[in-house]
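The values are calculated or read from the model by the stated rules, or taken from the named source; none is laboratory data. Keep in mind that what you see is a predicted model, and the values were worked out from it rather than measured. Here the Cβ positions follow ideal geometry from the backbone for every residue, glycine too, while neighbour counts run over all protein chains shown. In case anyone asks, the SASA skips ligands and DNA or RNA and just uses the protein heavy atoms, side chains included. Shrake-Rupley method; radii C 1.70, N 1.55, O 1.52, S 1.80 Å.
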Amino acid sequence: MEHSFKKILIANRGEIAVRIIRACQELGIKTVAIFSEADKTSRHVELADEAYCVGPASSIDSYLNIPNIISVAEISGADAIHPGYGFLSENVNFAEICESCHIKFIGPSTLSISSMGDKAKAREIMIKNKIPVVPGTGMIKDTSNISKILKKIGYPVIIKAALGGGGKGMRVVYNEKDLDNAINQAKMEARASFGNEAVYIEKYIEEPRHIEFQIIADSYGNVLYLPERDCSIQRRHQKLIEESPSSIISEKLRKKMGQVAVKVAKAIKYSTVGTVEFLLDKDEKFYFMEMNTRIQVEHPVSELVSGIDLIKEQILLAFGKKLEIKQSDIKINCHAMECRINAEDSDNNFLPSSGTIENVIFPGGMGVRIDSHIYSGYKVQPFYDSMLLKLLAFSKNRQETIKIMKRSLKELKIEGIKTTKEFHQRVMNNDNFKKGNITTNFIEKEFSE
Ligand code: MV4
């Protein structure tokens, strides 16, 4: 490919680093891996054209070590950096440094990152653009007139940290007498976790679904949405299973929500791939929750459904490519589902498990995709995320996809450490799951520990 980057540095590890290297190879782009001292024998190091150690095992000293990462980019002559997810992917400071060093940050503008990073600010932007948000307040300054507003909204309400997201620092309040205490505690938590005590309040939507839309935007104002992902199966704000399309979304609602997701992207002049998250209540009313300004773990679900390679698109869009497809070109080609298999003991409160994988055998066959970095002999480190592999199944409908997932889980063999494989097998056999009765309370309700 002549009209693209020549060499990309991947500022990440694990399966996503492997995923990005694969896309680069198909695009004819050279790859530079970085690794910590604990990751010398990692798959992404082996697959990349070049690899450089950027520091000791601890993330803060290696995968978050901006000076060392920029030095590697300079030395290797990389013309772009792909941050993957997590680590530096939503770090405004890092994106700015890349820009000032004339290295393309493969992601949105720093303005987009900061607008969506502050959830209270994002809420304000949405209200200004007539995007539906949950009834609530702006930033809480003093509590004196808040109780009046909340009486009108009605309890329960939820207090959220402006810089939170992902569930950190949230607090549900069921009646007015608990309000003052809860606000004070939430502020303290927010200051401790995010260095900023700003909080805001929303009406608490009970037993919602988490529905998100992958969007693709170029730098010419063209924005497309892909069919929704249902990510309601979560435990303590960690997604465990994602699927697309959602079993409860009609074609009409899909179009309505998809168009709102596009409007969100246009409101902040977003360009690159991203995700708009909504809460969907029992009456099919939906509300903007957050926007993720990065590629996400669950992106392959949408790749299978749409046939679009999101990482390749992301790279080419960063180079300035114009979108060649229209909304009407995007079809639902199958039903797809992803199980995140983690190195955790699901029989022991999901306690992280580390050690050597003595033996691993992946499933295969029709309707299976695996994104992973592990191999027999791989040492699971305690320093990083516990995800070992993403097992995806796809077929013509949800029922068949569940059957493929079940037989794939049975084929999957991981010896030497504890994994969440058995947990996923239990979910696949759960009646409510099979019926598609899934809300964000599913795990709590069906698998209370
Ligand atoms: C909510 C909510 C109910 N009502 N906001 C959790 C993560 C963060 N992104 C926002 N979250 C929630 N916000 C209102 N107004 C319920 C949740 C929530 C949740 C959302 C999606 C998936 C799983 C969840 C688990 C618990 C709470």
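Within 16 Å of the ligand (Cβ to nearest atom), at positive phi and open to solvent by 10 Å² or more (accessible area, probe 1.4 Å) - does that describe any residue in the range 296-305? Taking every residue of the range 296-305 in turn, none turns out to be within 16 Å of the ligand (Cβ to nearest atom), at positive phi and open to solvent by 10 Å² or more (accessible area, probe 1.4 Å). Here are Ala57, Ala95, Ala73, Ala80: which of them is in contact (Cβ under 8 Å) with a residue 60 or more places away in the chain, within 24 Å of Glu298 (Cα to Cα) and aliphatic (A, V, I, L, M)? Going through Ala57, Ala95, Ala73, Ala80 in turn, just one is in contact (Cβ under 8 Å) with a residue 60 or more places away in the chain, within 24 Å of Glu298 (Cα to Cα) and aliphatic (A, V, I, L, M): Ala80.
Hey, does the range 376-385 have a residue that's on the phi > 0 side of the Ramachandran plot, loosely packed, with under 14 Cβ neighbours inside 10 Å and not aromatic (Phe, Trp, Tyr)? Within the range 376-385 (the criterion being on the phi > 0 side of the Ramachandran plot, loosely packed, with under 14 Cβ neighbours inside 10 Å and not aromatic (Phe, Trp, Tyr)), the answer is yes, since at least one residue qualifies. Within the range 104-145, being open to solvent by less than 50 Å² (accessible area, probe 1.4 Å), touching a helix residue (DSSP H, G or I) at 6+ places or on another chain (Cβ under 7 Å), away from the ligand (no atom under 15 Å from the Cβ) and within 30 Å of Ile70 (Cα to Cα) holds for Phe105, Ile106, Gly107, Thr110, Ile113, Ser114, Ser115. Among the residues here, Ser376 qualifies as touching a strand residue (DSSP E or B) at 6+ places or on another chain (Cβ under 6 Å) and either within 16 Å of the ligand (Cβ to nearest atom) or outside any helix (DSSP H, G or I) (or both).
Only residues that are surrounded by fewer than 16 Cβ atoms within 10 Å (Cβ to Cβ), within 16 Å of the ligand (Cβ to nearest atom) and in a loop (DSSP other than H, G, I, E, B) were counted across the range 411-448, and they come to 4. Considering only residues of the range 174-206 that are under 27 Å from Arg340 (Cα atoms) and open to solvent by 60 Å² or more (accessible area, probe 1.4 Å), which is farthest from the ligand (Cβ to nearest atom)? By that ranking, first place goes to Ser193. Does Ala80 qualify as being over 18 Å from the mean Cα position of the chain (by Cα), over 27 Å from Met291 (Cα atoms) and crowded, with 19+ Cβ neighbours inside 10 Å? No, not satisfied. Against the numbered list (1) open to solvent by 70 Å² or more (accessible area, probe 1.4 Å); (2) of a type in the set (D, E, K, R); (3) more than 15 Å from the ligand (Cβ to nearest atom); (4) under 22 Å from Lys312 (Cα atoms), Glu90 comes up short only at (3).
Inside the range 146-173, residues that are open to solvent by 50 Å² or more (accessible area, probe 1.4 Å), touching a helix residue (DSSP H, G or I) at 6+ places or on another chain (Cβ under 9 Å) and near the ligand (Cβ under 10 Å from one of its atoms) make up a count of 3.
Here Ser271 meets the list (1) touching a Gly at 6+ places or on another chain (Cβ under 9 Å); (2) open to solvent by less than 10 Å² (accessible area, probe 1.4 Å); (3) more than 16 Å from the ligand (Cβ to nearest atom) almost entirely, failing just condition (2). For the range 398-409, check the following and say yes or no: at least one residue is assigned to a loop (DSSP other than H, G, I, E, B) and either closer than 21 Å to Ile233 by Cα or open to solvent by 10 Å² or more (accessible area, probe 1.4 Å) (or both). For the range 398-409, residues assigned to a loop (DSSP other than H, G, I, E, B) and either closer than 21 Å to Ile233 by Cα or open to solvent by 10 Å² or more (accessible area, probe 1.4 Å) (or both): absent. Criterion applied to Lys282, Lys252 was being over 18 Å from Ile205 (Cβ atoms), more than 14 Å from the chain's Cα centre (by Cα) and not in a strand (DSSP E or B), and the one residue passing it is Lys252. Of all helices (runs of 4 or more DSSP H) completely enclosed by the range 66-167, which ones contain at least 1 residues that are modelled with pLDDT of 95 or more and more than 28 Å from Leu279 (Cβ to Cβ)? Those helices (runs of 4 or more DSSP H) span 66-76, 92-100. Residues in the range 1-22 that are under 22 Å from the mean Cα position of the chain (by Cα) and surrounded by fewer than 21 Cβ atoms within 10 Å (Cβ to Cβ): Arg22 only. Taking Thr31 as meeting all but one of (1) within 22 Å of Leu388 (Cα to Cα); (2) crowded, with 23+ Cβ neighbours inside 10 Å, write down the number of the exception. Unmet for Thr31, out of (1) within 22 Å of Leu388 (Cα to Cα); (2) crowded, with 23+ Cβ neighbours inside 10 Å: (1).
Kindly indicate whether any position in the range 211-225 is part of a strand (DSSP E or B), in contact with a Leu (Cβ under 9 Å, 6 or more places away or on another chain) and within 16 Å of the ligand (Cβ to nearest atom). Checking the range 211-225: at least one residue is part of a strand (DSSP E or B), in contact with a Leu (Cβ under 9 Å, 6 or more places away or on another chain) and within 16 Å of the ligand (Cβ to nearest atom). Among the residues of the range 258-266, not a single one is away from the ligand (no atom under 12 Å from the Cβ) and outside any helix (DSSP H, G or I).
Counting the residues of the range 66-88 that are out of contact with any helix residue (DSSP H, G or I) (no Cβ under 9 Å at 6 or more places or on another chain), polar (S, T, N, Q) and farther than 16 Å from Cys24 by Cβ gives 1. A residue that is modelled with pLDDT of 95 or more, open to solvent by 20 Å² or more (accessible area, probe 1.4 Å), out of contact with any Pro (no Cβ under 9 Å at 6 or more places or on another chain) and of a type in the set (Ser, Thr, Tyr) can be found somewhere in the range 317-332. Restricting attention to the range 47-65, the residues that are charged (D, E, K, R) and in contact with a helix residue (DSSP H, G or I) (Cβ under 6 Å, 6 or more places away or on another chain) total 1.
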